[in-house]
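Asks: Input: one structure, supplied below.
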Amino acid sequence: MTKADGTGTYQLTAEERRVAAGRDLIIEVIASLMIPLIQLFALYVIIHGALGAGGGFQGGVILASSFILYVIAFGITGARKRLPESWNTGLQSLGVYIYAGVGLVCILVSLGFVQYLNYWALPLPVAYEMRRAMGMDFVEIGIGITVMATMTSLFFDLAWKEKEERKEVKESNEGGEKK
Amino acid sequence: MIGIEHLPVLLIVLSLLAAFTIFVAGWFDKKFSWAISFITILVQLVMSIFILNHVLFTGKIDYWLSGWRPPWGIQVVVDTLNAYVLVVLLFLALLSVMYSKRNIQHELPEKVITYYAVYQLLVTGLCGVTITGDIFNMYVFVEIFSLAAYALIASRGGIALKASFVYLVMGSIGACLFVLGIGFLYSVTGSLNMADLAAILPPLYGNKMVQAAFALFVVGLSIKMALFPLHTWLPDAHSFAPAEISAMLSGIIIEVSTYALIRLSFSVFTVNFLKLLPIYDLLAWIAAIAIIYGSVMAIAQLNLKRMLAYSSVSQMGYIMLAVGLSLSTKHLLWGGLTPALMHILNHALMKGCLFMVAGAFIYKADLWNITDLRGLGRKMPWTCGAFTMAAISMIGVPPSVGFVSKIYLIFAVVEAGNFLFMAVILLSTLLNLVYFWRVIETLYMKVGEAGPHHEYEKPVKTDEIPLLMLIPILILGSLCIVMGIIWLTEIPIIGAVPIMDSVNKLFEIGRYTVVP
Amino acid sequence: MKAESIIGLLMVILLTGLFFYIVEDVPPYGDPSSPALQLVRLDIRVDAAGVEEELNSGMIPAALVEALAARNFVAPSEIEEVTAGEWDAKIDKGEFYYEEDEKYYRFKKEGNQIEVYRYAPVVRYLEKGLEETDVPNIVTAVIVDYRAYDTLGETTVIFTAGISVILLLRRRGKL
């Protein structure tokens, strides 16, 4: 805020900050409405893969696309704060841990009687066929998590690289101008 | 309790879980990544020795994944051929991991965690190809190890990226042809299981889709195993990869592709199909050209790793010549697939040692060309000693391991009656001598930095590589001679000859040939 | 001409030649009785003389068992007549929970020989998939239950691709 005698710092208003960063108001509002709905739809697609079209791979990609929409609307630094690198790494491994772990649980719980990934031996208190369906649900969730984390990690790597290159080009331009 | 039949799949699952754990635990501390990788591969090696023991003395392991019976579910079949390739693979992978600790600290210090995670996935993919009994499953694991290999070769950055990109394009085309062959077989028979296909295919040998599928399998796997006309990715990929990845690439990855071709042509398309058309004779001729071509191109190289890469092309020619002659030989000792399987182990030992020594020279003083290696024989005596042992083994001096391969191959050629191949083998021995002797002469007999008078007066201080890199080189170098003595005297403790014999009996070649 | 265009032309000629070579043996597109969808012909035949009465009365003829065993196929355990001249044979699966026999062979009488056909694996997935796995979507049931190991491999491929990009492209940060 400029003070009465002309000293003080000049702070940008929210509108000017947004324009300076290259973002648009309409896209921000629509994205902030759509992103939770996209994520809800993605979870729906993962779980309902057993009843209709869908499944782990499809739902995982839709979940990743919600993060990509966030990056496009709000910029990448904010997105990295929302999904930090440690969480991304952890989720990438967690999904396949669930998948391979369900198979190992099948062997261990039945003391080596059933084979790997034979879902009947899971210790769930339901009938046989429903145990198979629930085993499949666990596995689908695992696949969805891994696919989502991998897609966002790929996108972030490529987008950071471009951001670094743009910053390098800008700095070399400024350095050229200063000279 | 958990019986031994669960071991093959548990081996794969353990490796997968370790890869993911390296990725997560490395976030906390970098030192965990090497330790987890090393311990996992050690445990896997012990498990694979148990599997080999069980398969040799009790019978093959037959495991129905997810509990469904074979044409409907996936089957894991481990017989002696599988178990043998698995042990060779994991042994060389263990020595590579041991070697890589100091090497990767020196070359890529900031990428240690992801490097070991991708390395563990490479080992997973290779083991998965070896144990499976279902052709689509084999394709999935071929994809896993191919992707990991592309990433590992390119990990140094710079010109390695271009070399890996060429490998990526050619490898993807090869995998594409492979899956096209699987599709053809499926559309004609409806089944994806190897034993099932072997039972359904006999009346369909005249079917053009089946013949096209076999041709596509051979070409697709030839790209992955660097057989002569399709080898062009190999020299670049070897020259610019980190040293232990070159050792793994040349010693294991192209040999697992050879194993896949042997498994497909003998277990799915049985011997009766291969005798209908002179396919294997054509393969033997292509292999003979590969032997001469690789040796001649190796003489012309200045870069040490590139020379060893062309030498690999030549050695794959040896293995494919042995495979191509396997239908026409009937002796107990050298009949059937015995020379090919022996050379898989021998080549892994020799080339592993040679590439690791080349990496040691680069680690110590960044020496890439042969002419720069002058006088290193005195500065690094143990390393150059191991190089000499592996080099004389490649040339074929008795009683080393290379001599055993060549002599069995010559006997097989004599029995098959084609004396031109014997001339090819002897000529390539001579060419091997030319290019390896050049390196040995530069190492030991050329003068180093000290002038000609000082060499005899004052002792040169030895400046060896660290111990963790030296132990794998010494183990491989000494095994080149020790294993040769074991092969020659056929000590039955190791069970080497019973392994090859039971493989011959399974596929009905060699001395078990069914006379129609 | 550039080298790439010559190589491209060669590949087109090669693939066209491959196509013309195989086109007479390709099963017709969308054919519901192709080998991968319904029945594959095993080329095992037996004289129909005494075998037909045995099949009609539900007994398993020894000649058929012998002919099947000579080609490494498992012997049937139950015969059921579908229409006149065609019989379904079931085998004992050996699986743990579903112990009933599964339809595996079809014997058809053609002329005075009995021909043996085998059902494709897809027939079991379509007919018994809902009952065995309680999941209406057969595609999901096949990839996550019957062939779950392949899907584990595919997920690992995706994970490997993600890690490879981290290995090659990231330059700052902990990994």
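Computed from the coordinates by the stated procedures, all read-outs in this text should not be read as laboratory data. Note that the structure is predicted; figures quoted are calculated from it, not measured. No Cβ is skipped: glycine too gets one built from the backbone with ideal geometry, and neighbour counts run over all protein chains shown.
Asks: Can you run phi through the Karplus equation (6.51, -1.76, 1.60; θ = phi - 60°) for region B:176-193 and list ³J(HN,Hα) in whole Hz, with x for Gly and Pro?
Replies: 5, 5, 4, 6, 5, x, 4, x, 4, 4, 5, 6, 8, 10, x, 9, 10, 9
Asks: Mind jotting down the distance between the C-alpha centroids of region B:254-312 and region B:1-60, whole Å?
Replies: 31
Asks: Let me ask something else. Would you mind classifying region B:79-129 by shape? Square roots of the alpha carbon gyration tensor eigenvalues, ordered a ≥ b ≥ c; an a/c under 1.5 is rounded, otherwise it is prolate if a/b is larger than b/c and oblate if not.
Replies: It is oblate, given that a/c is not under 1.5 and a/b is not larger than b/c.
Asks: Against the longest alpha carbon principal axis of chain A, how many degrees, from 0 to 90 and to the nearest 10, is the axis of helix A:25-47 turned?
Replies: 10
Asks: Just add up the charged neighbours of A:Met134: K/R +1, D/E -1, any other residue whose Cβ is under 14 Å from the Cβ of A:Met134.
Replies: Within the 14 Å Cβ shell, the charges total -3.
Asks: Moving on to the next point. Counting other beta carbons within 10 Å of each residue's own, what order do B:Tyr186, C:Tyr98 fall into, fewest first?
Replies: The fewest-first ordering by Cβ neighbours comes to C:Tyr98, B:Tyr186.
Asks: Still on this model: Counting alpha carbon pairs within less than 8 Å and at least 6 residues apart, what relative contact order, in whole percent, applies to chain C?
Replies: 16
Asks: For region A:81-98, what does the Karplus curve 6.51 cos²θ - 1.76 cosθ + 1.60, with θ = phi - 60°, yield as ³J(HN,Hα) per residue in whole Hz, taken in order and with x for Gly and Pro?
Replies: So the J values, rounded to whole Hz, are 6, 6, 10, x, 5, 5, 5, 4, 4, x, 5, 4, 7, 4, x, 6, 4, 4.
Asks: Next up: Give me the Debye-computed log₁₀ of I(q)/I(0) at q = 0.18, 0.19, 0.30 Å⁻¹ for region C:135-175, equal point scatterers on Cα only, no solvent, two decimals.
Replies: One equal scatterer on each Cα of region C:135-175 leads to -0.60, -0.62, -0.93.
Asks: With a ≥ b ≥ c the root eigenvalues of the C-alpha gyration tensor of the protein assembly as shown, is it rounded (a/c under 1.5), prolate (a/b larger than b/c) or oblate?
Replies: Here the protein assembly as shown falls in the oblate category.
Asks: Another question about this same structure. Determine the dipole magnitude for chain B: charges of +1 sit on the beta-carbon of Lys and Arg, -1 on that of Asp and Glu, nothing else is charged, the reference point is the Cα centre, and the result goes in debye to the nearest 20.
Replies: Rounded to the nearest 20 debye, it is 440 debye.
Asks: I've got another one for you. Give me log10 I(q)/I(0) at q = 0.07, 0.13 Å⁻¹ for chain B, Debye formula, one equal scatterer per alpha-carbon, no solvent.
Replies: With one equal scatterer per Cα and no solvent, log10 I(q)/I(0) is -0.36, -1.31.
Asks: Give me the net charge for the shell around B:Phe355: Cβ to Cβ below 12 angstrom, other residues only, Lys and Arg +1, Asp and Glu -1.
Replies: Cβ neighbours under 12 Å give a net charge of +2.
Asks: Something else now. Add +1 for every Lys or Arg and -1 for every Asp or Glu among the other residues with Cβ under 14 Å from the Cβ of B:Phe266, and state the total.
Replies: The answer is +1.
Asks: How high is the relative contact order of chain B, in percent, with contacts defined as C-alpha pairs under 8 Å that are six or more residues apart? Display every interim value, and only then the final one.
Replies: On the way: 806 pairs, mean separation 74.6, N = 516.
It comes to 14 percent, rounded to a whole number.
Asks: Tell me the angle of helix B:254-263 to the major Cα principal axis of chain B, expressed in degrees between 0 and 90 and rounded to the nearest ten.
Replies: Result, in degrees: 20.
Asks: Would you give the gap between the C-alpha center of region C:96-175 and the C-alpha center of region B:179-206, rounded to a whole Å?
Replies: 17
Asks: I need the phi-derived Karplus couplings for region C:20-29: 6.51 cos²θ - 1.76 cosθ + 1.60, θ = phi - 60°, integer Hz, Gly and Pro marked x.
Replies: 5, 5, 8, 5, 7, 10, 6, x, x, 5
Asks: Where does the protein assembly as shown land at 222 nm, in deg cm²/dmol rounded to the nearest 500, when only DSSP H runs of n ≥ 4 count, each adding -39500 (n - 2.57), divided by all residues?
Replies: Using -39500 (n - 2.57) per qualifying helix, the result is -22000 deg cm²/dmol.
Asks: Next question, about the same structure. Can you give me the angle between helix B:80-107 and the longest principal axis of chain B, using Cα atoms only, in degrees from 0 to 90, rounded to the nearest 10?
Replies: 30
Asks: Evaluate the relative contact order of chain A (contact order divided by residue number), counting alpha-carbon pairs under 8 angstrom at least 6 apart; express in whole percent.
Replies: 23
Asks: Rank these for me by crowding, C:Asp145, C:Asp134, going from fewest to most other beta carbons within 10 Å.
Replies: C:Asp134, C:Asp145
Asks: Mind sorting B:Ile173, A:Ile141, B:Ile245 by how few other Cβ atoms lie within 10 Å of their own Cβ, fewest first? All intermediate terms of the calculation are to be shown ahead of the outcome.
Replies: Values: B:Ile173 15, A:Ile141 20, B:Ile245 28.
Fewest-to-most Cβ neighbours within 10 Å comes out as B:Ile173, A:Ile141, B:Ile245.
Asks: OK, next. Give, rounded to the nearest 20 debye, the magnitude of the charge dipole that region C:73-175 has about its Cα centre when Lys and Arg contribute +1 at Cβ and Asp and Glu contribute -1 at Cβ.
Replies: On the way: 14 positive and 20 negative charges, 270 e Å.
The dipole magnitude comes to about 1300 debye.
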